[in-house]
Amino acid sequence: NPLHHKTYLINGELREWKGACDEVYSTISSTEQYAPTLVGSVPHLTEKEALEALEAAANAYGKGNGLWATMRVKDRVEILERFTKEIQHKRDEVVQLMMWEIGKTILECQKEFDRTIEYLYNTLEEYKKLDRDSAHFQKKDGIYAHIRRGPLGIVLCLGPYNYPLNESFALLIPALLMGNTVIYKPPKYGVLLITPLLEAFRDCFPKGVINIVFGRGREIASPIMETGRIDVLALIGNSRSAIALQDKHPHKNRLRLVLGLEAKNPAIVLPDADIDLAVKECVAGALTFNGQRCTALKILYVHEDVKEAFLSKFTEEVDKLPFGNPWEVNVKLTPLPEPDKPQYIQDLIDDALQKGAKILNKKGGERCENFIFPAVLAPVSPDMRVYQEEQFGPVVPVRFFTDIDQVREEIADSHYGQQVSIFGHDVYTLAPLIDAMVNLVCRVNLNSLCQRGPDVFPFTGRKDSAVGTLSVYDALRSFSIRTFVASKDN
Ligand code: G3H
């Protein structure tokens, strides 16, 4: 049954919305006859409610003397522990909504929920440790300093559709723990799944500390930014939105950023690679959740000496990936949640074909409603859109090389710098390549796919891929500042 949700959270109250609502459709269909499925609706809030949410967050922060910012660490931990326990009862509801809204397989939705709970507990432990380690006295030149980590202020937080729970919480939770107050706007796809959690937010947090609003980015987030009262923009999504929102802020220099943006992570398959392993990791790396991950492998560089061995297996394995509805067992590929995405992927394929690439796998590009079967394209050249753009979907561009310096130069020239995967074993080739790569991206994966987890490892990127670092350890630091009280030894 569609979930027609009517409330939003401002200043500790779940306010009833009487105005227009935005309908939420799913591109998956449980009937033979395909038609987008209405899964629910959420309030279409306006600038007025957005500014009320801001006012609530600002009041809760006070003039730095709000209850939340000054609360003892122990009390804040207790609140987050209670919150974590409460939301666990909502697992099935959240997982079902997530599956319908974004078409992620049920298994992956369950993993996302469980990963989020684990992330919460780990972040709480890290927070206690951080407080123990970072609050300390230091004496120099007759001055005693009591140094600690404190909040940055008011955070506007926007999460992505591909991890609507986990990545939103990867921003929200550390921001809250460090004593900031927050306005959160969920993504357009993956918005309903937050609604079963609203009561837990209301019941656990002091009023105004967390405010959750629904609506369109330009009607909600833009007016908030225009006030110049936001201290931190925390966003996982695309650079276009991040830049547009920064531009709205009248005092950009005071705006801090925590951004997870695009990536075009390459895999490099060297001549001595274990081909079976490389194929397995590249299939999962490129096509898990249809390639809709910022960490997905979005271009493969394959050495000429192994291109036949690699590609014959790779294309065979891609064609074997089972497609279906996300609730079906063993399904790997599912319909795309964005209605216009298959056409975008088709356009990338057509552009590459016109410029000389071929589709290597038998099923590549087959379409059915909002599903498009992954196309393996080769040889891809720099003039093709699929080389230049972050496809964020089911198309795998392949380039061939003989000279590793050419690959290194291309990666160095890329706009992005998140991760790379290298498949090979010869230490004399690997050592200088790894040395170069860690200075171009932020994580080098040896003989394995690119990924964000485990969440205790730093998650960030260079260039247009990220600003600031997320992870259990780093996010608490990204959402805080070292402050101190100094007194003279008179
Ligand atoms: O979309 C970007 C996510 O951070 C990817 O996370 O590597 O765990 O799938 P993941």
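The values are calculated or read from the model by the stated rules, or taken from the named source; none is laboratory data. The shown structure was predicted, so the numbers you read here are calculated from the model rather than taken from an experiment. Cβ sites come from the backbone with ideal geometry, for glycine too, and all protein chains shown count toward neighbours. We work out accessible area using only protein heavy atoms, side chains counted, and drop any ligands, DNA or RNA first. Shrake-Rupley method; radii C 1.70, N 1.55, O 1.52, S 1.80 Å.
Observations on the structure shown:
- All-pairs alpha carbon distance profile, the stretch 1-146, 5 Å steps from 0, percent: 2, 7, 10, 12, 14, 16, 14, 9, 6, 4, 3, 2, 1, 0, 0, 0
- Shown here for the stretch 1-35: trypsin sites (Lys or Arg not before Pro) in loop regions (DSSP other than H, G, I, E, B) with at most 10 other Cβ atoms within 10 Å, namely Lys18.
- Theoretical gain in end-to-end length, Val427 to Glu369 [0.36 nm per residue, Cα-Cα removed]: 16.1 nm
- Surface accessible to a 1.4 Å probe, per residue, for the residues of the chain, Å²: 42 Å²
- FRET efficiency, Arg218 to Val485 (Cβ-Cβ, R0 60 Å, nearest 0.05): 0.90
- The largest accessible area among Leu440, Leu156 belongs to the first residue in Leu440, Leu156, and the rest follow in falling order (1.4 Å probe, all chains).
- Per-residue [θ]222 nm for the chain (sum of -39500 (n - 2.57) over DSSP H runs n ≥ 4, rounded to 500): -12000 deg cm²/dmol
- From the C-alpha gyration tensor of the stretch 393-482, square roots of 5λ in Å: 27, 15, 13
- Using bins of 5 Å that start at zero, the share of Cα-Cα pairs per bin across the stretch 168-286 amounts to 2, 9, 16, 18, 16, 11, 8, 7, 7, 5, 2, 0, in whole %.
- Qualifying GluC sites (Glu not before Pro) in the stretch 316-372, DSSP loop, other Cβ atoms within 10 Å at most 16: Glu328, Glu366, Glu369
- Over the chain, relative contact order from alpha-carbon pairs under 8 Å, at least 6 apart, %: 18 percent
- Under the criterion of Cα pairs below 8 Å and six or more residues apart, the relative contact order for the stretch 378-481 equals 22 percent.
- For Tyr416, neighbours were defined as the other residues whose beta-carbon sits under 10 Å from its Cβ, and their charges (Lys and Arg +1, Asp and Glu -1) total +1.
- Taking only Cα atoms of the chain, radius of gyration then Dmax in Å: 23.6, 83
- Two-decimal Rg/Rh across the stretch 324-411, once Rg and the Kirkwood Rh are taken from alpha-carbon atoms: 1.03
- Compactness of the stretch 58-210 - radius of gyration and Dmax, Cα, Å: 17.2, 63
- Positive-end residue, the stretch 75-185 charge dipole about Cα centroid, Cβ charges, pick of Asn180, Cys109, Ile143: Ile143
- Surface share of carbon and sulfur [accessible, 1.4 angstrom probe, percent] for the chain: 50 percent
- Plainly put, the stretch 308-363 has a radius of gyration that is 1.04 times its Kirkwood radius, both from alpha-carbon atoms, as the Rg/Rh ratio.
- A 1.4 Å probe over all protein chains sorts Tyr161, Tyr344 by accessible area into Tyr344, Tyr161, starting with the largest.
- For the stretch 11-73, size of Cβ-based charge dipole, Lys and Arg +1, Asp and Glu -1, in debye: 400 debye
- Of all DSSP beta bridges confined to the chain, the antiparallel ones make up roughly 45%.
- Principal axis dimensions, the stretch 259-321 - Cα atoms, whole angstrom, descending: 39, 24, 14
- Accessible surface of Trp327 - all protein chains present, 1.4 Å probe, nearest 10 Å²: 90 Å²
- Rounded Å value of the spacing that divides the Cα centres of the stretch 7-43 and the stretch 352-397: 33 Å
- About the Cα centre, charge dipole magnitude for the chain (Lys/Arg +1, Asp/Glu -1 at Cβ), debye: 1840 debye
- A probe of 1.4 angstrom, applied to the heavy atoms of all protein chains, finds Glu13 with accessible area near 90 square angstrom.
- Shape analysis of the stretch 240-383 based on the Cα gyration tensor places the equivalent ellipsoid semi-axes at 30, 20, 16 Å, largest first.
- A Förster distance of 30 Å, applied to the separation of the beta-carbon atoms of Ala135 and Lys463, puts the FRET efficiency at 0.30.
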